[in-house]
Amino acid sequence: TFQLRDLTTVERTDLKPFCVLLKFTERPGARPKTYLLSFESDQELYKWHDDMYDRSALGGETSGPSGFVHHVHVGFDPMTSGFTGLPDGWEQAVSGPTANSEKPNSLTWHVYDSTSGV
């Protein structure tokens, strides 16, 4: 038997068809116990994989935000290449300097091109 609280690894492996590898460490510094579970199909494998991950401490490592309040929703309109739903103070920052503007936009855009490394 094993305890899900001691589960440290859940991963798909090709050691056997439709197989998942589980590692359990009962105490810090102890050598992990390894189990291989074989299933009838990928669907069954992933059902067990996801369920064991979610029920163990592995699935609880990241939580969603708490106390979150959504005040503004900004979208992008590909037809106009502009943003929608911007608050008044943000409109000028993202639209760039106008013809009447004497100083350049204070917002700096950084674009990374993964093909050239620039």
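In table form, for the structure just shown:
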quantity	calculated
Accessible-area ranking of 70, 49, largest first, probe 1.4 Å	70, 49
Difference of contour (0.36 nm per residue) and Cα-Cα distance, residue 12 to residue 27	3.0 nm
Accessible heavy-atom area order of 66, 81, highest first, probe of 1.4 Å	66, 81
Computed accessible area, residue 26, all protein chains, 1.4 angstrom probe, square angstrom	110
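The values are calculated or read from the model by the stated rules, or taken from the named source; none is laboratory data. Just so it is clear, the structure is predicted and the values come from calculations on it, not from any experiment. For accessibility, only protein heavy atoms count, side chains too; no ligands or nucleic acids. Shrake-Rupley method; radii C 1.70, N 1.55, O 1.52, S 1.80 Å.
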